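To keep things clear, I will list the structure first and then write my remarks on it.
The values are calculated or read from the model by the stated rules, or taken from the named source; none is laboratory data. Here the structure is a predicted model, which is why all the values come from computation and not from measurement. Note that each Cβ is placed from the backbone with ideal geometry, even for glycine, and that neighbours are counted across all protein chains shown. Note: areas computed on protein heavy atoms with side chains; ligands, DNA, RNA excluded. Shrake-Rupley method; radii C 1.70, N 1.55, O 1.52, S 1.80 Å.
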Amino acid sequence: MSNILVIGGGVIGLLTARELAQGGAAVTLVEMGDTGRESSWAGGGIISPLYPWRYSDSITALAAWSQRVYPGLCDDLRLETGIDSELIRNGLLILEAETELDQALAWAERNDQHVAVIDANEARELEPELGPHHGGALLFPDIAQVRNPRLVKALRRSVAPRVDLREQEEVLELQVADNAIRGVRTSAGEIAAEQVVVCAGAWTAKLLEKLGSPPDIEPVRGQMILFYGQPGLIRHITLHQDRYAIPRQDGRVLLGSTLEHVGFLKATTAEAKEELYRAAVELFPVLKHTPIEDHWSGLRPGSPSGIPYIGPYPGVDGLYMSAGHYRNGVVTGPASARLAADLVLGRKPILDPAPYALDAPR
């Protein structure tokens, strides 16, 4: 019998399985496809919520803990696996945030975050290729990014020797008896488990709905485009009117992202590609002369206010969940995994788990 079963092989599931294994547990991880190929692969990898002052303290707490440990985590993963997750601290530039200046500065002071208010000339010194019509900005110099496809690849390689990794195996049903989890039924058979942690992202509610109280999680499609740029073309993560540009170490530039409520339809659309392209060239006109290399989509696990569900599932002993991270799975992944592992293993939790409970207000 496997002591602990983790359902879902995205960044949350991989990190959770790694934490549990490091805590001495015998762990099985089941993923319906290939690990790390859904929302975790499709996102941008900014290690901060967008417009962070708009989020609840519970999200800020997860993000802040994760930001502190990410450098060490990426170093450890590189030493373990040889894969560089490309953690780059190149700062977050938020353009034309004047209407929210007071809230942003108050949030930064309350959370000990460095921020600078800069005018249009200073913004252009930082980003010479900015469009001419853009004004002042807020600069959060300490914000970093990670190349999320490489991060999940490193995590998979890290956990593979430590856990029983089962890919291309869909969990069809949770098996519950006498108000306790007994295991799961999958497309390949049954797996017995004393404890189960559901980290199934946008698919979490579908899996838990038969138990009567599923978390309020729904898929929210996001589309992105990738430009084949040159190193140094754009220097900072740049955010304007909910669209962001992320310059990678090799010069590629991501531009995202849409928010679409279309169920589990993951197809890309020409309309979204055109909308993202217009936003990109308005933000950085030089991108008109930069070829588009790729266009993709992913399904975020949307939840009310973006607050994830982390903790025990009420009424079923041994059943836990860590899901509903919406746009901040990579941002809050290390803290979410550590908190979930603390609760499963009976350790003192790193954070107060109350805000993430199924019945907590959102």
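Things worth noting here:
- Test: residue in segment 285-294 that is among the polar types (S, T, N, Q) and more than 23 Å from the chain's Cα centre (by Cα): yes
- Considering residues of segment 233-251 that are part of a loop (DSSP other than H, G, I, E, B) and either in contact with a Phe, Trp or Tyr (Cβ under 9 Å, 6 or more places away or on another chain) or modelled with pLDDT under 95 (or both) only, the residue nearest to Gly43 (Cα to Cα): Asp242
- Annotation note: of Tyr309, Tyr277, Tyr320, Tyr313, the sole residue that is in contact (Cβ under 8 Å) with a residue 40 or more places away in the chain and open to solvent by 40 Å² or more (accessible area, probe 1.4 Å) is Tyr277.
- Selection count where residues are part of a strand (DSSP E or B), open to solvent by 10 Å² or more (accessible area, probe 1.4 Å) and modelled with pLDDT of 95 or more, scope segment 192-220: 4
- Among the residues of segment 148-179, those identified as farther than 13 Å from Leu77 by Cα and charged (D, E, K, R) are Arg162, Asp164, Arg166, Glu167, Glu169, Glu170, Glu173, Asp178.
- Of the residues making up segment 338-351, those that are without any contact (Cβ under 8 Å) to a residue 12 or more places away in the chain and assigned to a loop (DSSP other than H, G, I, E, B) are Gly346, Lys348, Pro349.
- Among (1) in a helix (DSSP H, G or I); (2) open to solvent by 30 Å² or more (accessible area, probe 1.4 Å); (3) modelled with pLDDT of 95 or more - the single one Thr99 does not satisfy: (3)
- The set of residues in segment 323-362 that are surrounded by fewer than 21 Cβ atoms within 10 Å (Cβ to Cβ), of a type outside the set (A, V, I, L, M) and over 24 Å from Ala25 (Cα atoms) comprises Pro355, Asp359, Pro361, Arg362.
- Inter-residue pairs, beta-carbon under 8 Å, first within 18 Å of His325 (Cα to Cα) and in segment 200-229, second of a type in the set (Ser, Thr, Tyr) and part of a strand (DSSP E or B), 6+ apart: Thr204/Tyr309; Pro215/Tyr309; Ile217/Tyr309; Arg221/Ser297; Gly222/Ser297; Gln223/Ser297
- Taken over segment 289-337, the criterion of being more than 22 Å from Glu209 (Cβ to Cβ), in a loop (DSSP other than H, G, I, E, B) and not charged (D, E, K, R) is satisfied by Thr290, Pro291, Asn328.
- Pick from segment 151-191, criterion assigned to a loop (DSSP other than H, G, I, E, B), of a type outside the set (A, V, I, L, M, F, W, C) and without any contact (Cβ under 8 Å) to a residue 12 or more places away in the chain, ranking: nearest to Asp317 (Cα to Cα): Asp178
- Filtered residues of segment 27-55 (kept if farther than 12 Å from Gly201 by Cβ, in a helix (DSSP H, G or I) and of a type outside the set (A, V, I, L, M, F, W, C)): Pro52, Arg54
- Within the set Gly45, Gly33, the sole residue that is in contact (Cβ under 8 Å) with a residue 12 or more places away in the chain and either open to solvent by 30 Å² or more (accessible area, probe 1.4 Å) or more than 14 Å from the chain's Cα centre (by Cα) (or both) turns out to be Gly33.
Condition check ((1) outside any helix (DSSP H, G or I); (2) of a type outside the set (Val, Ile, Thr); (3) open to solvent by 10 Å² or more (accessible area, probe 1.4 Å)) across all residues:
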| site | (1), (2), (3) |
| --- | --- |
| Ala21 | no, yes, yes |
| Ala25 | yes, yes, yes |
| Thr60 | no, no, yes |
| Glu80 | no, yes, yes |
| Ile83 | yes, no, yes |
| Ile94 | yes, no, no |
| Ala106 | no, yes, yes |
| Glu109 | no, yes, yes |
